[in-house]
Amino acid sequence: MVKSYFPEGFLWGGAIAANQAEGAWNVDGKGISVADVAKYKPNISVEDYKSQWHVGLKDIEEALKSDDTIYYPKRRGIDFYHHYKEDLALFGEMGYKTLRVSIAWTRIFPNGNEETPNQAGLDFYRSMFEEMRKNNIEPLVTLSHYEMPLYLVNEYDGWVSREVVDMFVKYTKVVFEEYKDLVKYWLTFNEIDSIFRHPFTTAGIVEEKYNSKKEAEEAIYQAFHHQFVAAAHAKKLLLEIIPGAQIGCMLTKTLTYPETCNPEDILLAQKENRDNQFSSDVQVFGEYPRHVLNHWEENNFNIAMEDGDLELLKKYTVDFLSFSYYMSMVASINADQREKVGGNLTTGVKNPYLPTSEWGWQVDPVGFRVALIDLYDRYRIPLFVVENGIGARDVVEEDGSIVDDYRIEYFQKHFEQMNLAIKEGVELMGYTPWGCIDIVSASTSQMTKRYGFIYVDSDDLGNGTFKRTPKKSFYWYKKVIETNGADLENTVLETTK
Ligand code: BG6
């Protein structure tokens, strides 16, 4: 046993997203989202992260002609849409206090621009949130997790268009009103900073529509501005509709170290970290950092803003900062001469002190503590870790068990560091590891890149029974929750089937 610094009422749980779990892509009136046109990409090198995410005009055209669910795996997910009761019961059995899910915008407004919402979609989430409550699980709901309506991409250029803000605000108002008795914790845009890394998935931007890289970059900043404004509107609406509820922004924390103590390396790492935190700076402090405004000016970017936008951003900042943490990066002025590693975030210089996962992500538990402390010191508002975990290939033993000691070891090390960060004074609301049940990967759409405590019998092509089986880590995490983070070494693992 370790001394646990986790506060009483700490929200232990798990996290998934609609587009990677639900499946049922065309059921009960759901519209097509950007996720439904993302293809299975198992063979792209881990360093070629851009291609993992890329979707172009031809891809969209081809996808729209097809009903296939084999090579568009997010269309089938793990069929959470029809299994949610069983899955929530398993999460309840583990003692989850919270579960992070997202609402698929396309279940509520199939194209995004309808006059009235789709009742079947509203009913589905109502039933899901009620079921969570039955299992004593507090819903933590992301309004937009890589699943905007494709219609808004094709007809409006995604988040580059101002009209999309209005449509999102309408959708937000509908779901706040509908679920005001059921949901108290909300997140706006998943990994909002990822518009830089995969503009299509996050903001519906098809880069080839722009004449140059510079034009595309300007469009990216325009989309950022629109998402910031939409997020501020969401906070305003929340105060009006669900007093006492809380809303957070969501950042991909890409902690970057300098390769050496050469001041030039340090400057470079500092720049990477500042750039990474630009979106949370806006959403926590309510204003654009000067370095971003300077960058726009130097590049003659003309970011359209309406009267009142800046005041809105200033007034309606977030209640807490949520973030994902998977790995750390290294910045080097000699990057071109260094070995590279991959990840779903970006590619960077290899850190010789860290192991990497099969997908090239550098596993860095101590960096987790650094990230927690850095973020808290910078923002001084409560933090919420809403993604963390390791993608690995699991093996089902002859007796049906899944002995995922590597996953337990990963979490053990991260929990130790999280505990120490709290000891250092970090105010942490909760922790929801990613893909707490196996789901389809966001970047490569693989099923075999598994993150879960619960195994789902489905391979990359969707073959299998979709039966759910607790892994060894299921029992381990259950014990961690039961002891509020004190029993990390537990070997309560006799029941693994
Ligand atoms: C995060 C996303 O970036 O990483 C999730 O918010 C995603 O949607 C997770 O699933 C892990 O990435 P991947 O590509 O391994 O699924």
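Summary table
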read-out	value
First in the range 39-58 and at pLDDT below 85, second anywhere and β-branched (V, I, T) and part of a helix (DSSP H, G or I), Cβ under 9 Å, 6 or more apart	W53/T201
Flag for L239 being within 27 Å of D309 (Cβ to Cβ), surrounded by fewer than 22 Cβ atoms within 10 Å (Cβ to Cβ) and aliphatic (A, V, I, L, M)	yes
Residue list for the range 297-327, filter: modelled with pLDDT of 95 or more, within 16 Å of the ligand (Cβ to nearest atom) and in contact with an Asp or Glu (Cβ under 9 Å, 6 or more places away or on another chain)	S322, F323, S324, Y325, Y326
The range 68-104 - residue that is of a type in the set (G, A, S) and in a loop (DSSP other than H, G, I, E, B) and, of those, surrounded by the fewest Cβ atoms within 10 Å (Cβ to Cβ)	G95
Selection count where residues are within 16 Å of the ligand (Cβ to nearest atom) and among the polar types (S, T, N, Q), scope the range 188-244	6
Selection from the range 389-403 of residues that are within 16 Å of the ligand (Cβ to nearest atom) and under 18 Å from W476 (Cα atoms)	G389, I390, G391, A392, D394
Scan of the range 176-187 for residues that are closer than 24 Å to T252 by Cβ and away from the ligand (no atom under 14 Å from the Cβ), ordered by number	V183, Y185, W186
Some residue of the range 453-472 being open to solvent by less than 10 Å² (accessible area, probe 1.4 Å), away from the ligand (no atom under 16 Å from the Cβ) and outside any strand (DSSP E or B)	yes
Selection from the range 345-382 of residues that are within 15 Å of the ligand (Cβ to nearest atom), open to solvent by 30 Å² or more (accessible area, probe 1.4 Å) and either touching a helix residue (DSSP H, G or I) at 6+ places or on another chain (Cβ under 6 Å) or closer than 22 Å to D281 by Cβ (or both)	T346, T347
Number of positions in the range 134-156 that are of a type in the set (V, I, T) and within 16 Å of the ligand (Cβ to nearest atom)	2
Scan of the range 23-48 for residues that are touching a strand residue (DSSP E or B) at 6+ places or on another chain (Cβ under 9 Å) and surrounded by 18 or more Cβ atoms within 10 Å (Cβ to Cβ), ordered by number	W25, G31, I32, S33, V34, V46
Members of the range 157-190 found to be within 19 Å of A104 (Cβ to Cβ) and open to solvent by 10 Å² or more (accessible area, probe 1.4 Å), listed by number	M167, V169, K170, K173, V174, E177, E178, L182, Y185
Test set (1) open to solvent by less than 30 Å² (accessible area, probe 1.4 Å); (2) away from the ligand (no atom under 13 Å from the Cβ); (3) of a type outside the set (G, A, S) - E427 fails condition number	(1)
Residue list for the range 183-211, restricted to those being under 22 Å from the mean Cα position of the chain (by Cα), assigned to a loop (DSSP other than H, G, I, E, B) and farther than 17 Å from S33 by Cα	V183, K184, E191, F196, R197
Meets criteria (crowded, with 21+ Cβ neighbours inside 10 Å and of a type in the set (S, T, N, Q)) for Q246	no
Residue within the range 111-133 that is under 26 Å from L313 (Cα atoms) and either open to solvent by 50 Å² or more (accessible area, probe 1.4 Å) or more than 16 Å from the ligand (Cβ to nearest atom) (or both) present	yes
Of all residues making up the range 315-343, the number that are within 27 Å of F384 (Cα to Cα) and surrounded by 13 or more Cβ atoms within 10 Å (Cβ to Cβ)	18
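The values are calculated or read from the model by the stated rules, or taken from the named source; none is laboratory data. What you see is a predicted model; the values in this text were computed from it and never measured. Cβ atoms come from the backbone with ideal geometry, glycine included; neighbour counts cover every protein chain shown. Keep in mind that these areas ignore ligands, DNA and RNA; they rest on the heavy atoms of the full protein, side chains included. Shrake-Rupley method; radii C 1.70, N 1.55, O 1.52, S 1.80 Å.
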